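The values are calculated or read from the model by the stated rules, or taken from the named source; none is laboratory data. Predicted model, so just to flag it, every value in this text is computed and none were measured. Positions of Cβ are generated from backbone atoms using ideal geometry, with glycine treated the same way; all protein chains shown enter the neighbour counts. Protein only, heavy atoms only, side chains kept; ligands, DNA and RNA dropped before computing areas. Shrake-Rupley method; radii C 1.70, N 1.55, O 1.52, S 1.80 Å.
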Amino acid sequence: MTARIKTDIRFKPVGQFEETRFEKIHNVIFESSDDASIEVAEEIAALIKRKDAENKMCVLGLATGSSPIRVYEELVRMHQEEGLSFKNVVSFNLDEYLPMDKENTMSYHFFMHEHLFNHVDIPAENVHIPDGKISSDKVVSYCLSYEQKIKDYGGLDFQLLGIGRTGHIGFNEPGSHYNSGTRVITLDHITRVDAAPAFLGIDKVPRKAITMGISTVRNAKRIVLLGWGQNKAEIIKNTVEGKISSQVPATYLQNHENCTFVLDTGAGSELTRNKTPWLVKPCEWTNDLTAKAIVWLCNKTDKTILSLTDKDYNDNGMADLLSLKDSYDLNIWMFNRLQHTITGWPGGKPNAEDTNRPERALPARKRVIIFSPHPDDDVISMGGTFDRLIEQGHEVHVVYQTSGNIAVSDTDARKYAEISKRISPSEEAQTIIDTIKTKKESSFDSPEVRKLKGNIRRAESYAATRYLGLEDNKVHFLDLPFYETGTIKKNNLAEEDILLMIDIIKKIKPHQIFAAGDLADPHGTHRVCLDAVFAAMKRLKNETFFKDCWLWLYRGAWHEWEINEIEMAVPMSPDQVLKKRNAIFAHQSQKDGVMFQGDDSREFWMRAEERNRDTAKKYNALGLSDYAAMEAFVRHKFD
Ligand code: F6R
């Protein structure tokens, strides 16, 4: 295990933290959300103990959602292993959907018990979560009494928050008033879209909720807001650097005297001090930072790399860079750096001088593993490169890490069960049909239905890989157990998952591994699948094949690497773009009204094409050749 980075998250008043003229909220950025969560849990534990030593109750305001999960996990561990007691804790949860049964697995009541309350010694009567079943005639007085109860306990000592992409805290959506108290609120469309996967469809997400108000939250003596992943980067920037506005309710926290945002690098990536540090302070000009700055400068000035002038550098906060090298040298260096990332030979070009190529020439025929978190990420994210690797004679293996069964609709599953029954009537097929017919909303799939759904995705995967010319014996399905919960919420990565990964890597002994390098959501499947790759590789580092094995990361369906980060860009001709599209089409259950669409209504093939076209356009705008499309990769180097 790597040592945990110890970072002090204690609030420091303006002037004492590394604030910039852009930032209006104290924030601390960690390499990983894991380390950050542990730090927050330690602060909460210290507060509970201090209050206990003073013979006082500790009043905690608690949040649900994916952000605090790891904090709760650590608090539970501290209770179980270190004897941290919650006897003196009184808790008030921020919110609850309306209407919502306590027993419903989607309720915040269920969430809090599952993640925290069932595992610690907090007295049941000290737990307060808004009642999602309160009748409409009683709800106003209920909200007032919730607010009053917090006051009666002397107010919140500590409030834990997450942030929604709308800038909501609790469910205080855009438009919420500075002085608002606990009340009923109508959820924003974006909030409902974000919750849709968990509810298995947007129509099942409640439209209303009870939420503590902005004023309820603001009155807490200490506030810590958690933000993980790139998906939160934009709203974090707007909140920390923007003007206070009811349109971004979290900006109200700028007025709080003891509030810290605890972020990981993804969530903090849009802050000016990280995004464009040269606008903030003198920089240490590493190659990576120089590349980032030059790409930014080209975008800003709308110029190609080779036409940037001294004045462009000087006028845009890069005078100190210019004092190290003149613009001519900087431009040539950057142009070559980018030029060298482009290759039509993703497995290396045999018999070619390879000093400036992204991949080694030797061995000429490489063993390659393409890890695909779901059965379709391979073709969506690197279908063109996949195709070239096969055409160029490499021994390519595709390894699907999860079954992807949850993303197949009941309609599709029933259709296939009915076909199966028509071909050969069987009790199994009939049971599946009956189970689907009588399935209640938000109930889990039976193991048989899940198996059928997994098989549908397998069949589609074979259709795609066969279309690209791969033999069936090079296609592997791991069905990693962490994914097999039958719900959107997955288990943590476990030893059994890692062993399956080790096993396949050891069998193939690859020279190249391609894996999905998505860092966006720490609890998302792609992230867990990447952690599985890292964990397996770490254990294999003494194997002889390991030192010849390069790991290339592609990005999943949602993001692309920044141009300055790309280390291998594989161009595609218009024909290859079409071929990739057809391979994606083979995944029919993920076409037309896919279950987990998010707020982007484009189908996966459209997203992939637009993204690949966009990368090519960006290269071209910087002054490089004009390709139809490009797939992009970053090499991960092990220590
Ligand atoms: C949860 C809550 C919300 C969430 C926010 C972020 O009780 O009130 O404000 O904190 O929607 O959700 P996650 O953490 O799932 O990204």
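Just a few scattered comments:
- Subset of the stretch 9-56 (residues that are at pLDDT 95 or above and of a type in the set (Gly, Ala, Ser)): Ala36, Ser37, Ala41, Ala45, Ala46, Ala53
- Condition check for Lys138: farther than 30 Å from Asp264 by Cβ and without any contact (Cβ under 8 Å) to a residue 40 or more places away in the chain: yes
- Qualifying residue in the stretch 462-472 (condition: in the same structural domain as Ile584 (by TED's automatic domain parsing), modelled with pLDDT of 95 or more and under 30 Å from Ser67 (Cα atoms)): no
- Filtered residue count, the stretch 55-98, keeping only those that are within 16 Å of the ligand (Cβ to nearest atom) and open to solvent by 40 Å² or more (accessible area, probe 1.4 Å): 3
- Output for the stretch 192-205, where each listed residue is open to solvent by 60 Å² or more (accessible area, probe 1.4 Å) and within 10 Å of the ligand (Cβ to nearest atom): Asp194
- Listing of helices (runs of 4 or more DSSP H) fully contained in the stretch 303-375 that carry 1 or more residues being touching a residue at least 12 places away in the same chain (Cβ under 8 Å) and acidic (Asp, Glu): 310-315, 319-322
- Yes/no for Ala291 being in contact (Cβ under 8 Å) with a residue 60 or more places away in the chain, under 23 Å from Asn219 (Cβ atoms) and open to solvent by less than 40 Å² (accessible area, probe 1.4 Å): no
- Beta carbons closer than 9 Å, at least 6 apart along the sequence or on distinct chains, pair a first residue in the stretch 561-578 that is under 21 Å from Trp550 (Cβ atoms) and at pLDDT 95 or above with a second that is open to solvent by 10 Å² or more (accessible area, probe 1.4 Å) and of a type in the set (Phe, Trp, Tyr) for Asn564/Trp296; Glu567/Trp561; Ala569/Tyr627; Val570/Trp345; Pro571/Tyr627.
- Gly384 being in contact with a strand residue (DSSP E or B) (Cβ under 7 Å, 6 or more places away or on another chain), part of a loop (DSSP other than H, G, I, E, B) and modelled with pLDDT of 95 or more: no
- On the stretch given as the stretch 39-88, residues that are within 23 Å of Asp264 (Cβ to Cβ) and assigned to a loop (DSSP other than H, G, I, E, B) total 6.
- A residue that is more than 25 Å from the chain's Cα centre (by Cα) and of a type in the set (Lys, Arg) can be found somewhere in the stretch 423-438.
- Single residue of Arg450, Arg457 found to be surrounded by 19 or more Cβ atoms within 10 Å (Cβ to Cβ) and more than 29 Å from Pro571 (Cα to Cα): Arg450
- When residues of the stretch 104-118 are limited to those that are within 16 Å of the ligand (Cβ to nearest atom) and over 24 Å from the mean Cα position of the chain (by Cα), the one farthest from Ala46 (Cα to Cα): Asn104
Residue-by-condition table, conditions (1) surrounded by 20 or more Cβ atoms within 10 Å (Cβ to Cβ); (2) under 27 Å from Ala586 (Cα atoms); (3) in the same structural domain as Asp518 (by TED's automatic domain parsing):
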{"site": "Pro346", "(1), (2), (3)": "yes, yes, no"}
{"site": "Ala352", "(1), (2), (3)": "no, no, no"}
{"site": "Asn356", "(1), (2), (3)": "no, no, no"}
{"site": "Asp377", "(1), (2), (3)": "yes, yes, yes"}
{"site": "Phe386", "(1), (2), (3)": "yes, yes, yes"}
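- Among the candidates Ser136, Ser176, Ser180, Ser91, residue that is over 22 Å from Lys489 (Cα atoms) and in a strand (DSSP E or B): Ser91
- Options Asp101, Asp121, Asp131, Asp52; residue that is acidic (Asp, Glu), open to solvent by 30 Å² or more (accessible area, probe 1.4 Å) and within 16 Å of the ligand (Cβ to nearest atom): Asp131
- Inside the stretch 206-250, residues that are open to solvent by 20 Å² or more (accessible area, probe 1.4 Å) and part of a strand (DSSP E or B) make up a count of 3.
- Flag for Ala293 being within 26 Å of Ala36 (Cα to Cα), of a type in the set (Gly, Ala, Ser) and not in a loop (DSSP other than H, G, I, E, B): no
- Once the stretch 140-191 is narrowed to residues that are open to solvent by 20 Å² or more (accessible area, probe 1.4 Å) and modelled with pLDDT under 95, the residue that is nearest to the ligand (Cβ to nearest atom) is Arg165.
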